[in-house]
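K.L.:
There's a structure below that I have some questions on.
Values in this text are rule-based calculations from the coordinates and carry no lab data. If you're wondering where the values come from, they're calculated on a predicted model, not measured in any experiment. Here the Cβ is made from the backbone with ideal geometry for all residues, glycine too, and neighbour counts use every protein chain on show.
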Amino acid sequence: MTTGQSTALETKPPQGQLRSSMLLVGAVQQAAPAMDLQCSETLFQRDRDSGSCEPRRTWETIQLVNKEEVTRRHKMVLAVALVLALATGFLASWPLGDAPVADAYQGVNFVCPLGDMTKTSSLSVSHHTSPSYLGTSTVVEPDDSETWAITAIWESAVAPLTTNSTVSYTTATWNGSQWALSSTTLGGGVAAIGICQGDTCEGSGNATHSWSYKLIVDVTDPYLGLNLDKVTYVTTSIDDGYTIEDPTQTEGYCYLDASVSPTSQAQGATDEPPTWDSNRCPYTCFTGGASVTIYYD
């Protein structure tokens with residue numbers, strides 16, 4: 001061997017070792033099919049370098065999981081859609097007027113201070129000729145009186161819906177100088193009925209004429225465990241009347257003129273505020289409420 005030169009020596013394994021290596025390779029090759037079966041699972045694959053089973057690439061795993069999640073959510077959406085469709089069909093087939101409504105019950109009203117357990121209902125009453133009478137509306141003074149049936153109605157706040165009502169009666173009369181009540185009968189839950197003076201004009205010879213007044217009704221609230229809902233006013237009888245000429249007294253005095261009759265014996269209105277609040281606590285002529293015009297021809 002010459003100095004300064006390198007010689008690559010090829011060494012060969014002994015014959016026995018070569019055979020053993022070949023047998024080992026054969027063993028690996030024979031075992032591969034079994035490992036391939038093991039790696040045939042959906043989420044695994046054989047690594048091409050090491051030959052071992054490894055989880056499949058991340059994006060494939062995520063893709064499979066997302067597919068299962070989408071399928072699950074899709075089923076949920078279909079279920080919700082089915083429920084909504086059934087509910088819509090049920091409500092659409094509900095008989096008109098039978099479906100429950102939010103205002104079917106009367107909630108608890110405002111509690112008045114100082115132990116006042118009543119609310120005030122009122123009705124402003126005015127008397128006029130109907131628009132068809134001589135093509136104009138003229139104020140009317142009743143010849144005598146008119147009688148009212150006043151119905152107070154209470155309702156429960158929760159189901160089952162429970163109602164109670166009582167009827168009171170009173171007669172309002174113009175006596176030539178003021179309005180007055182007579183023949184008053186109070187129904188249950190009604191503490192008092194009063195009358196307030198309305199519009200007047202001065203006639204000749206110190207006469208006074210009037211065509212309006214206001215009824216005020218003191219109603220217990222709550223009553224027998226129920227809350228005040230509304231108060232209805234309907235006339236049961238109305239006398240004839242006379243038109244009042246020049247009620248603004250532009251010529252000095254107003255005076256009675258033509259005789260007229262009511263267009264109906266049953267006229268009225270309902271006092272049903274959104275809520276019986278603190279404004280309904282005072283029992284005075286200034287308390288608001290409903291209004292009605294009694295017409296004559």
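K.L.:
Stretch Thr136-Asp246 to full length: gain in nm at 0.36 nm per residue minus the Cα-Cα span? Working shown, then result.
P.N.:
Values: separation 110, 0.36 × 110 = 39.60 nm, distance 1.35 nm.
In short, 38.2 nm is gained.
K.L.:
Extension gain Tyr253-Ala207, at 0.36 nm per residue separation less the Cα-Cα distance, in nm? Could the numbers behind the result be given before it?
P.N.:
Numbers: separation 46, 0.36 × 46 = 16.56 nm, distance 0.94 nm.
Length difference between fully extended and current span is 15.6 nm.
K.L.:
So if we plug the beta-carbon distance of Gln178 and Thr275 into 1/(1 + (r/R0)^6) with R0 = 35 Å, what FRET efficiency do we get, rounded to 0.05?
P.N.:
On the way: r = 33 Å, r/R0 = 0.96.
Using R0 = 35 Å, I get an efficiency of 0.55.
K.L.:
Mind ordering 109-116, 139-146, 230-237 by average Cβ neighbours within 10 Å, highest first?
P.N.:
Details: 109-116: 12.0, 139-146: 20.4, 230-237: 18.5.
Listed from highest to lowest mean packing, they are 139-146, 230-237, 109-116.
K.L.:
Find the relative contact order for the stretch 118-296 and round it to a whole percent, using C-alpha pairs within less than 8 Å whose residues are 6+ positions apart.
P.N.:
On the way: 475 pairs, mean separation 56.5, N = 179.
Dividing the mean separation by the residue count of the stretch 118-296 yields 32 percent.
K.L.:
At R0 = 35 Å, how high is the FRET efficiency between Leu161 and Gln197 if r is their beta carbon distance? Nearest 0.05 is fine.
P.N.:
On the way: r = 40 Å, r/R0 = 1.14.
Working from the Cβ atoms, E equals 0.30.
K.L.:
Fully extended, how many nm does the chain gain between Thr171 and Phe110 (0.36 nm per residue separation, minus their Cα-Cα distance)? Intermediate results must be reported in sequence, preceding the final value.
P.N.:
Values: separation 61, 0.36 × 61 = 21.96 nm, distance 3.05 nm.
Stretched fully, the Thr171-Phe110 segment lengthens by 18.9 nm.
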